[in-house]
Structures are given as C-alpha cells and as structure tokens.
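The values are calculated or read from the model by the stated rules, or taken from the named source; none is laboratory data. Quick caveat, the model's predicted, so the values are computed rather than measured. Backbone-built Cβ (ideal geometry, glycine too); neighbour counts: all protein chains shown. When the accessible area is computed, the model is the full protein with side chains, heavy atoms only, and any ligands, DNA or RNA have been set aside. Shrake-Rupley method; radii C 1.70, N 1.55, O 1.52, S 1.80 Å.
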Amino acid sequence: MNITKNKVAAIHYTLRDDQGTILDSSQGRDPLYYLHGAQNLIPGMEEGLEGRTTGDHFQIDVSPEKGYGKRDPQLVEAVPRRAFGGQNIEVGMQFQTNDGQVVTVTGVDPENITVDANHPLADQNLHFDVEVIEVRDASPEELAHGHVHGPGGHH
Ligand code: ZN
C-alpha cells in the first residue's frame with residue numbers, strides 16, 4: 001500500500017539542519033503516525049512522502065517555504081523585565097503567552113527581555129532521513145477528526 005491522501009502512515013525520522021546537526025529524531029521512540037493529506041505534517045514532508053511505501057528509506061529536503069516559514073522580524077519584541085516577575089530569565093527559555101503562542105527568549109538585558117515568536121525552525125532548510133514503517137487505511141472516524149487514533153494517535 002502506498003502513501004496517498006487519507007492513508008495513515010507511520011514513519012521514523014531524523015531531522016538535521018544544513019550543518020548536519022541533529023535537531024530532532026524519532027529513533028528510540030515510537031514511530032510518528034500521521035494522517036496523509038490532512039496537514040498533520042509540514043507541506044514539504046507530505047510531498048516527499050507521497051507515493052512511498054513500507055520499507056522505503058530516503059531523504060527529504062525541505063525549504064523554509066515548505067517547512068516552518070520565513071522569519072518575521074515583527075514577531076520579535078522587547079518586553080519590560082518586570083513582566084516576568086522575579087524569574088531568572090536566560091536566553092533559550094520558552095514561554096507560552098496568554099493566547100497560547102510559544103515565544104523564545106533571544107536577548108536579556110537589565111531593562112528588557114527580548115522574545116521571539118517565530119517558530120524555532122523558521123528560515124531553516126530541513127533535511128529529514130525517513131523510513132516508512134507502516135501504511136494503512138484511515139478509519140472513518142480518523143478522517144472525520146483529521147488525525148490518527150490508536151497507536152501513535154492522540155486518543
Ligand atoms: Zn480524534
């Protein structure tokens with residue numbers, strides 16, 4: 001069975017940046033299950049997986065446009081330090097804002113904390129080493145919800 005729209009696929013992956021540094025990997029964990037064609041994954045991954053089948057092992061290279069987007073400089077802002085209470089703030093820390101957005105601390109000075117709401121992988125070329133573990137039909141319920149149930153799913 002091949003990966004096409006409305007199939008559930010399980011993959012193992014290792015993600016590297018342009019320097020070859022590993023950013024993320026499913027190795028040592030359960031494979032990633034997703035519903036193909038339901039925008040569960042970034043567009044570049046879905047394109048690279050289209051038509052593949054169990055046992056295929058290959059590389060997918062994803063540009064920022066088909067990954068996590070270009071950086072938007074307007075999403076970087078300086079927040080007065082007092083907004084963080086007495087917390088010890090360091091570069092690299094992440095916080096969730098009141099509206100649910102995740103921001104990363106990119107600068108610290110005595111007056112202000114600089115936070116960046118861009119996705120940490122924005123502007124990056126992504127290189128995925130992918131192995132297809134399983135491909136199956138989605139259930140009607142999975143199709144209605146737009147995501148995978150059961151092993152690797154959220155229920
Ligand atoms: Zn559901």
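Miscellaneous remarks
- With DNA, RNA and ligands ignored, accessible area of THR114 (1.4 Å probe; Å², nearest 10): 40
- Peptide ranges 37-47, 58-68 listed from the most packed, as the mean C-beta count within 10 angstrom indicates: 37-47, 58-68
- Projected label distance in nm at SER63 and ALA78, using a 7 Å step from Cα toward the beta-carbon: 3.5
- In segment 73-116, Rg over Rh equals 0.92, where Rg is the alpha-carbon radius of gyration and Rh the Kirkwood radius from pairwise Cα distances.
- To put it simply, the accessible area of segment 1-145 at a 1.4 Å probe is 46 percent carbon and sulfur.
- From its DSSP helices (H runs of at least four residues, each -39,500 (n - 2.57)), the chain gives a residue-normalised ellipticity at 222 nm of -2000 deg cm²/dmol.
- Solvent-accessible area per residue for the chain (1.4 angstrom probe, square angstrom): 58
- Pairwise alpha-carbon distances in the chain exceed 24 Å for 47% of all pairs.
- Accessible heavy-atom area order of HIS57, HIS145, highest first, probe of 1.4 Å: HIS57, HIS145
- Listed by chain and number, the aspartates and glutamates whose C-alpha is less than 17 Å from the C-alpha of LYS70, apart from same-chain residues fewer than 8 away, are ASP17, ASP18, ASP61, ASP116, ASP123.
- Rounded Å value of the spacing that divides the Cα centres of segment 118-155 and segment 36-74: 10
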